[in-house]
Amino acid sequence: MKTTKETFSTPIGEATYFTLTNNRGSQVILSSLGAGIVGISIPDRNGKLADVVIGYPEASSYLADGPCAGKTPGRYANRIANGRFCLEGKTYELPVNNGPNHLHGGPDGYQNRIWHAQEVAPGKIRFSIDSLDGDAGYPGNIKANVTYTWDDNDNLTIEYDATSEAPTVINLTNHSYFNLAGHGAGAVKAMNQQLKLNCSRWLPTDDTLVPTGETASVENTPMDFRTSRKVGESIFKAGEIPSTETLITDFDAIRFGKGYDNCWLSDKFDGNVNVIATLEDPESGRKLTVATDQPAVQIYGGNWVSGCPAGKEGVEYTDYCAVAIECQGCPDAPNKPGFPSQLLSPALPYHRVIRFSFTVD
């Protein structure tokens, strides 16, 4: 394993990039800005390398970018209804930055901060952050770590750890967008990727994309990915470029977000790291297998990517050009007692794992 390091200036300080190259020549590039992934280059069935995650050539472009590309949002990823939750009888108010709701920890969330970075072993980088009591309205002083490990079999393992001296809530995930045909291959190829989810239930939402608190079967709905099929198969006109104009479904969950921006529940949430999703590009043969011990996965089809900063290699990214697979706790769980708890306390430290495994068929 070879590791190289570079630093880049941003408006909030220097971002450190770590490039990890394994014995197969596959590469992962990580950044201390947002504890994020800025590149993943893997071979196709002919051995040709391509970067399969969207991103930007300038480090400063990752600061407050709309897509949150590749980064670690927090303190609470996804939405909290009305920017408010109650814990131990006290109500906490959070910044509202997504319609009426709080999203990804607010405008100054963890994704928009420089994390402390260190190489702890060959192919293993740890990013750390201290978040004080009252940070974005959340209670409790917490210390959080995100540790990436890249191996010679093209497995990228992400471990999330956090401790707190007082009860609070936390929800960490990775927000990479994948187009296995190549980051700049466009919306048609992105929506033609084959997705399979080991999830038989999903979370219906209101029109602001906050879960109602109920769960629903995927049976006979566009939410059914129990058998591998094209991401855009049920929602876009066949043979046309995916866009708002070619969106054909009247299914509320799709209409509310102008595409997939929804949460599915794992069929196997048992404390172990289990496969929850696979994504494949039939043309290149690249396949991504996603395993986690998280209770849920948010699938986001890049419905609002247009207008983001200029992409790598001069690419102009459009809506639906890549797919985010965000393993996480349920959105708005602090307000939904029926969802798995996202409580962090001195007696209950936080530990979660996501593993992205790349292979070729």
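Note on segment 343-361: residues that are in a loop (DSSP other than H, G, I, E, B) and over 25 Å from PHE178 (Cβ atoms) amount to 3. Residues that are in a loop (DSSP other than H, G, I, E, B) and among the hydrophobic types (A, V, I, L, M, F, W, C) within segment 35-79 comprise ALA35, VAL52, ILE54, LEU63, ALA64, CYS68, ALA69, ALA77, listed in sequence order. Looking only at segment 246-261, residues that are assigned to a helix (DSSP H, G or I) and surrounded by 14 or more Cβ atoms within 10 Å (Cβ to Cβ) come to 5 in all.
Annotation: GLU316 fulfils all but one of (1) charged (D, E, K, R); (2) surrounded by fewer than 17 Cβ atoms within 10 Å (Cβ to Cβ); (3) in contact (Cβ under 8 Å) with a residue 24 or more places away in the chain; the unmet one is (3). Each residue in segment 262-294 was checked for being in contact with a Gly (Cβ under 7 Å, 6 or more places away or on another chain) and crowded, with 21+ Cβ neighbours inside 10 Å, and 1 pass.
Would you check if LEU180 is in contact with a Ser or Thr (Cβ under 9 Å, 6 or more places away or on another chain), part of a strand (DSSP E or B) and crowded, with 17+ Cβ neighbours inside 10 Å? Answer is no for this residue. Looking only at residues of segment 1-40 that are without any contact (Cβ under 8 Å) to a residue 60 or more places away in the chain and crowded, with 20+ Cβ neighbours inside 10 Å, we find that the one that is nearest to the chain's Cα centre (by Cα) is VAL38.
Results for (1) exposed (fewer than 15 other Cβ atoms within 10 Å of the Cβ); (2) part of a strand (DSSP E or B); (3) of a type in the set (Gly, Ala, Ser); (4) touching a Ser or Thr at 6+ places or on another chain (Cβ under 9 Å), shown as yes or no for each residue.
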position: PHE85; (1), (2), (3), (4): no, yes, no, yes
position: PRO95; (1), (2), (3), (4): no, no, no, no
position: HIS102; (1), (2), (3), (4): no, yes, no, no
position: ASP130; (1), (2), (3), (4): yes, yes, no, no
position: LYS143; (1), (2), (3), (4): yes, yes, no, yes
position: TYR160; (1), (2), (3), (4): no, yes, no, yes
position: ALA166; (1), (2), (3), (4): yes, no, yes, yes
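When the strands (runs of 3 or more DSSP E) confined to segment 273-318 are screened for residues that are over 14 Å from the mean Cα position of the chain (by Cα) and not basic (Lys, Arg), those reaching at least 3 such residues are found at 274-280. When segment 44-57 is filtered for residues that are closer than 21 Å to PRO11 by Cβ and either out of contact with any Pro (no Cβ under 7 Å at 6 or more places or on another chain) or of a type in the set (Gly, Ala, Ser) (or both), the ones remaining, listed by number, are GLY55, PRO57. When segment 145-158 is filtered for residues that are closer than 30 Å to VAL360 by Cα and assigned to a strand (DSSP E or B), the ones remaining, listed by number, are VAL146, THR147, TYR148, THR149, TRP150, ASN155, LEU156, THR157, ILE158.
Here, each number is a calculation from the coordinates, and none is a lab measurement. Predicted, not measured: the structure shown is a model, and the values here were computed from it. With ideal geometry, Cβ positions are generated from the backbone for all residues, glycine too; neighbour counts draw on all protein chains shown.
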